[in-house]
1. Out of all the residues in the stretch 11-29, which are in a loop (DSSP other than H, G, I, E, B) and touching a helix residue (DSSP H, G or I) at 6+ places or on another chain (Cβ under 6 Å)?
2. Among the residues of the stretch 9-36, how many are of a type in the set (S, T, N, Q) and over 19 Å from I66 (Cβ atoms)?
3. Kindly list, by first and then second residue, each pair from a residue in the stretch 62-75 that is among the β-branched types (V, I, T) to a residue that is outside any helix (DSSP H, G or I), limited to pairs with Cβ atoms under 9 Å and residues at least 6 apart or on different chains.
4. Being surrounded by 11 or more Cβ atoms within 10 Å (Cβ to Cβ) and assigned to a loop (DSSP other than H, G, I, E, B) is the filter here; which residues of the stretch 30-51 pass it?
5. What residue, of L54, L4, L18, L27, is surrounded by 10 or more Cβ atoms within 10 Å (Cβ to Cβ), touching a Gly at 6+ places or on another chain (Cβ under 8 Å) and not charged (D, E, K, R)?
6. I need the full set of residues from the stretch 33-61 which are free of Cβ contacts under 8 Å to residues at least 24 places away in the same chain and not aliphatic (A, V, I, L, M), in order please.
Amino acid sequence: MLGLLLGGLLTQLSESFLPASPAKTFLTMSVEASVGPLAVDLVVFAFTIGPLILSLNVLTLVGIAIVAFIVRSWMI
């Protein structure tokens, strides 16, 4: 979860500060998957969740790798 947040932060920073170039396009181009909306109707209450969207790009994967490396270094 933290890796996704860090990757999202890296993506937003690169979109804001990198000049228009092939590198910026490569780093910020996303693949998205979505699920939903999901409706749950219980006897007491009902609610709807969604749609849930997962957006992945290179910087998201870098954020996940950084967090995994930090967690792994703490475990040793």
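Each value in this text was obtained by applying a stated rule to the coordinates, not by laboratory testing. Just so it is clear, the model here is predicted, and its values are computed rather than measured. Virtual Cβ from ideal backbone geometry, glycine too; neighbours counted across all protein chains shown.
1. First pass over the stretch 11-29, keeping only residues in a loop (DSSP other than H, G, I, E, B): 18-21, 29.
Of everything in the stretch 11-29, just one residue is in a loop (DSSP other than H, G, I, E, B) and touching a helix residue (DSSP H, G or I) at 6+ places or on another chain (Cβ under 6 Å), namely L18.
2. Narrowing the stretch 9-36 to residues of a type in the set (S, T, N, Q): 11-12, 14, 16, 21, 25, 28, 30, 34.
From the residues that got through so far, the ones that are over 19 Å from I66 (Cβ atoms) too are 16, 21, 25, 34.
Residues that pass the stated criteria total 4.
3. V67/M1
4. S30, G36, G50
5. Values: L54 fails: touching a Gly at 6+ places or on another chain (Cβ under 8 Å); L18 fails: touching a Gly at 6+ places or on another chain (Cβ under 8 Å); L27 fails: touching a Gly at 6+ places or on another chain (Cβ under 8 Å).
Result: L4 is the single residue among L54, L4, L18, L27 that is surrounded by 10 or more Cβ atoms within 10 Å (Cβ to Cβ), touching a Gly at 6+ places or on another chain (Cβ under 8 Å) and not charged (D, E, K, R).
6. Once the filter is applied, which keeps residues that are free of Cβ contacts under 8 Å to residues at least 24 places away in the same chain and not aliphatic (A, V, I, L, M), the stretch 33-61 yields S34, G36, P37, D41, F45, F47, T48, G50, P51.
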